[in-house]
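These notes are about the structure you will find just below.
What follows draws every value from the coordinates through simple rules; no lab data is involved. None of these values were measured; they are calculated from a predicted model. Here the Cβ positions follow ideal geometry from the backbone for every residue, glycine too, while neighbour counts run over all protein chains shown.
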Amino acid sequence: MNVAIIDYGSGNLRSATKAFEQAVSELGGGTIKLTKDPDGLKNFSHIVLPGVGAFSDCMTRLSAIDGLIESLQEQVFIKAKPFLGICVGMQLMADVGREHGKTDGFGWIPGEVISISPHNRNIKVPHMGWNDLQIIDTTHPFVQDLLEGVHTYFVHSYHFVTKDRSHVLATVNYGKPLTAIVGRDNLIGTQFHPEKSQRTGLRFIKNFLGWRP
Amino acid sequence: MLKTRIIPCLDVNNGRVVKGINFIDLVDAGDPVEQAVIYDAAGADELCFLDITASHENRSTIVEVVAKTAEKCFMPLTVGGGVRTVEDVRTLLIAGADKVSINTAAIKNPQLINDAANKFGSQCMVVAIDAKRVNKSYKIFTHGGRKETDISAIEWAKNAEASGAGEILLTSMDRDGTKMGFDLELTRSVSDALSIPLIASGGVGTLDHLAEGVTKGHASAVLAASIFHFGLYNISEAKAYMEKVGVAVRPIEII
């Protein structure tokens, strides 16, 4: 397997890269490459889009790399390569993000990314820390061996509300259920950070790498 | 539900772990990368590196420590101490930190919080506050607790939140290193004034102190150094105790 991690100037790429390298070595080999070369994406078997920061900033930075979004559309949406979006990288699959104004996303999974905006003052934002998942689609290979109640690390102030509930594979409870994992066809997105979720996170990464959608 | 985070803090001086008693007498407690790996395996919820001498000395050692840690530990890592510019924040994030805490520099120039939050997102901006009781209120101190200011801790925390901080790390100077427990009044008054999470720090000597930081101090996370480093308690004992007194924590992983 040959994994591209998209490098578009988003913060902590090193931790994502190191976690994927660890997962690949535990699976018996493969290569992980940080890349922003649109033409090169065709040479990879898996594509990962990390992301920290605001939806609009991430979209602006992706758009600033000539041909990158078009190449992602081609490789992921048309050629159907396994794709994992992490945190904002997951949110970018939506139609629209509402962080710092209205910004169009890729439109791969219908829905909007909106503020968590709790009514209860005890609910602090960002939603930061370890929270347990409620797995809805227990048959999906991405959640294989990750039973009800596994904890993953979240840090976000906005959340993905999908139009189609069947695109939500897992939720997390933070005052109300928030989308924790989205998926359809060859697409997976996690609101949490698998690269920061210790052994549980590595297991998710290995499940993604072993997935044949 | 969201769990209370237990965060061991490693005070790092020239690439070595130390822990100060009231920020003075330093005792060597080992290699930070090695300790980070131990805490990772033990089920710590986050790790914090505080580069305590960074205000005066070479900063490149902490960047190397962060880079080596990020290769081995797949858990959230906050790094602070001597961070003065947006470029310092970027260097630490690229090395593998998830969050960067700023203290003195943010007080001198609050715009730094805005600038860094705009560039990297609020989620990675922690504002660290060292506070001490002065007469009947709490004032903030800069330069590792050496310089007093006239700024109220609560007002400054609210200001930091408004400027784009994603989290506050609040240390009681009166309690730090004393093992007498958090300053709960300070912790609660600041936490209740904020809508972002607060990490309580300074003074933990028993497991009950950790729990009180949440139940009485209203903190979202608790930070401690000495009780973990010197083997007084381990992370799983801390978690078991918290669970017993009704503070929800993440169970130690079984995968």
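Can you pull the Rg over Rh of the protein assembly as shown, Cα-only, Kirkwood? Don't skip to the end; give the middle numbers.
Details: Rg = 21.2 Å, Rh = 22.2 Å.
Computed over Cα atoms, the ratio is 0.96.
If contacts are Cα pairs under 8 angstrom and at least 6 residues apart, what is the relative contact order of chain B in percent? Mind showing how you got there, number by number?
On the way: 552 pairs, mean separation 46.7, N = 255.
Reported relative contact order: 18 percent.
How far apart, in nm, are the 7 Å Cα→Cβ label points at B:Asn135 and A:Asn120?
Distance between label points: 4.0 nm.
Just rank B:Ile140, B:Ile52, fewest to most, by other beta-carbon atoms within 10 angstrom. Write down the numbers at each step before the final one.
Working: B:Ile140 26, B:Ile52 22.
If I rank by nearby Cβ atoms, fewest first, I get B:Ile52, B:Ile140.
Using a 10 angstrom cutoff on alpha carbons, build the Gaussian network for chain A and name the most mobile of A:Ile114, A:Ile135, A:Ile65.
A:Ile65
Taking R0 as 25 Å, what's the FRET efficiency between B:Val37 and A:Thr31 from their Cβ-Cβ distance, rounded to 0.05?
Values: r = 25 Å, r/R0 = 1.01.
Calculated transfer efficiency: 0.50.
Okay, helix-only estimate at 222 nm for chain A: each DSSP H run of n ≥ 4 adds -39500 (n - 2.57), divide by all residues, round to 500 deg cm²/dmol; what do you get? Before the final figure, lay out each step's value.
On the way: 5 runs with 45 residues, N = 213.
Counting only the DSSP helices, I get -6000 deg cm²/dmol.
Go through segment B:161-255 and name the chymotrypsin sites (Phe, Trp or Tyr not before Pro) that are in a DSSP coil and have 15 or fewer other Cβ atoms within 10 Å of their Cβ.
Details: sites: B:Phe182, B:Phe228, B:Phe230, B:Tyr233, B:Tyr241; in loops: B:Phe182, B:Phe230, B:Tyr233.
Of the chymotrypsin sites (Phe, Trp or Tyr not before Pro), the ones in loops of segment B:161-255 whose Cβ has at most 15 other Cβ atoms within 10 Å are B:Phe230.
Report for segment A:1-122 the percent antiparallel among DSSP-assigned beta bridges with both residues inside it, nearest 5.
Values: 2 of 15 bridges.
Bridges in segment A:1-122 that DSSP calls antiparallel: roughly 15 percent.
Roughly speaking, what is the stretch gain from B:Val245 to B:Glu185, that is 0.36 nm per residue apart minus the C-alpha to C-alpha distance, in nm to one decimal? Display every interim value, and only then the final one.
On the way: separation 60, 0.36 × 60 = 21.60 nm, distance 2.02 nm.
The span from B:Val245 to B:Glu185 would gain 19.6 nm if fully extended.
Are there GluC sites (Glu not before Pro) in segment B:62-111 that DSSP puts in a loop and that have at most 11 other Cβ atoms within 10 Å, and which ones?
Details: sites: B:Glu64, B:Glu71, B:Glu87; in loops: none.
Listed in order of number, the matching sites amount to none.
Classify chain A as rounded, prolate or oblate from the Cα gyration tensor: take a ≥ b ≥ c as the square roots of its eigenvalues, call it rounded if a/c is under 1.5, otherwise prolate when a/b beats b/c and oblate if not. Could you put the intermediate results ahead of the total?
Numbers: a/c = 1.55, a/b = 1.16, b/c = 1.33.
Since a/c reaches 1.5 but b/c is at least a/b, the shape of chain A is classed as oblate.
How high is the relative contact order of chain A, in percent, with contacts defined as C-alpha pairs under 8 Å that are six or more residues apart? Mind dumping the intermediate values first?
Numbers: 471 pairs, mean separation 42.8, N = 213.
Worked out over chain A, it gives 20 percent.
Taking 0.36 nm per residue of sequence separation and subtracting the Cα-Cα distance, how much length would be gained by fully extending the chain between A:Lys176 and A:Thr138, in nm to one decimal?
Details: separation 38, 0.36 × 38 = 13.68 nm, distance 2.07 nm.
Fully extending the segment from A:Lys176 to A:Thr138 adds 11.6 nm.
Only four residue types carry charge here, +1 at the Cβ of Lys and Arg and -1 at the Cβ of Asp and Glu. Report the dipole size of chain A about the Cα centre in Debye, rounded to the nearest 20. Intermediate results must be reported in sequence, preceding the final value.
Details: 21 positive and 20 negative charges, 80 e Å.
Charge dipole of chain A: 380 debye, to the nearest 20.
Find how many whole Å separate the alpha carbon centroid of segment A:37-109 from the alpha carbon centroid of segment B:60-107.
27 Å
How high is the FRET efficiency from B:Val86 to A:Ser166, r the C-beta distance, R0 30 Å, rounded to 0.05? Walk me through the numbers on the way to the answer.
Numbers: r = 43 Å, r/R0 = 1.42.
So the FRET efficiency works out to roughly 0.10.
Per DSSP H run of at least 4 residues, take -39500 (n - 2.57); add these up for chain B, divide by its residues and hand me the 222 nm value, nearest 500 deg cm²/dmol. All intermediate terms of the calculation are to be shown ahead of the outcome.
Working: 10 runs with 92 residues, N = 255.
So the helix-based figure for chain B works out to -10500 deg cm²/dmol.
Please average, across the residues of B:1-8, the number of beta carbons from any other chain that are within 10 Å of each residue's own beta carbon, and give a whole number.
4
Along the positive direction of the dipole of the protein assembly as shown (beta-carbon charges: Lys, Arg +1; Asp, Glu -1; about the Cα centre), which of B:Gly181, A:Asn186, B:Phe74 reaches farthest?
Ranked along the dipole, the leading option is B:Gly181.
Once you list every other residue whose beta carbon is under 14 Å from the beta carbon of A:Thr138, what net charge do they have if Lys and Arg are +1 and Asp and Glu are -1? Before the final figure, lay out each step's value.
Values: positive: none; negative: A:Asp137, A:Asp145, A:Glu148.
Around A:Thr138, the surrounding residues sum to -3.
Going through the DSSP H helices of chain B, which span 18 Å or more along their own axis at the Cα atoms while scoring at least 0.0 as a mean Kyte-Doolittle hydropathy? Spell out each step's value before the answer.
Working: long enough: B:60-72 (19 Å, 0.28).
Result, helices passing both filters: B:60-72.
Grab the other residues whose beta carbon is less than 15 angstrom from that of A:Ser166, score K and R as +1, D and E as -1, and report the net.
On the way: positive: A:Lys163, A:Arg165, A:Arg184; negative: A:Asp137, A:Asp164, A:Asp185.
Spelling it out: positives minus negatives among the neighbours equals 0.
What is the Å³ per residue value for the convex hull set by the Cα atoms of segment B:5-244? Provide the component values of the computation, followed by the final result.
On the way: hull volume 25.5 nm³, N = 240.
That works out to 106 Å³ per residue.
Give, as a single signed number, the net charge of other residues whose beta carbon lies under 14 Å from the beta carbon of B:Val214, with Lys and Arg counted +1 and Asp and Glu -1. Don't skip to the end; give the middle numbers.
Values: positive: A:Lys124, B:Lys3, B:Arg5, B:Arg188, B:Lys216, B:Lys239, B:Lys244, B:Arg250; negative: B:Asp45, B:Asp192, B:Asp208, B:Glu212, B:Glu243.
Cβ neighbours under 14 Å give a net charge of +3.
Between B:Gly82, B:Gly231, B:Gly145, find the one with the highest GNM mean-square fluctuation for chain B; connect C-alpha pairs within less than 10 Å.
B:Gly231
How do A:Lys206, B:Lys72 line up, fewest other C-beta atoms within 10 Å first? Can you show the working numbers first?
Details: A:Lys206 19, B:Lys72 13.
By the 10 Å Cβ count, ascending, the order reads B:Lys72, A:Lys206.
Provide the percentage of antiparallel DSSP beta bridges, counting only those with both residues in the protein assembly as shown; round to the nearest 5. Walk me through the numbers on the way to the answer.
Working: 40 of 87 bridges.
Within the protein assembly as shown, antiparallel bridges account for around 45 percent of the total.
Restricting to bridges with both residues inside chain A, how much of the DSSP beta-bridge set is antiparallel, in percent to the nearest 5? Before the final figure, lay out the partial values.
Details: 25 of 42 bridges.
Of all bridge pairs located within chain A, approximately 60 percent are antiparallel.
Just grab the label-to-label distance for A:Glu74 and A:Asp104, each label 7 Å out from Cα along the Cβ direction, in nm (one decimal).
Roughly 1.9 nm, to one decimal.
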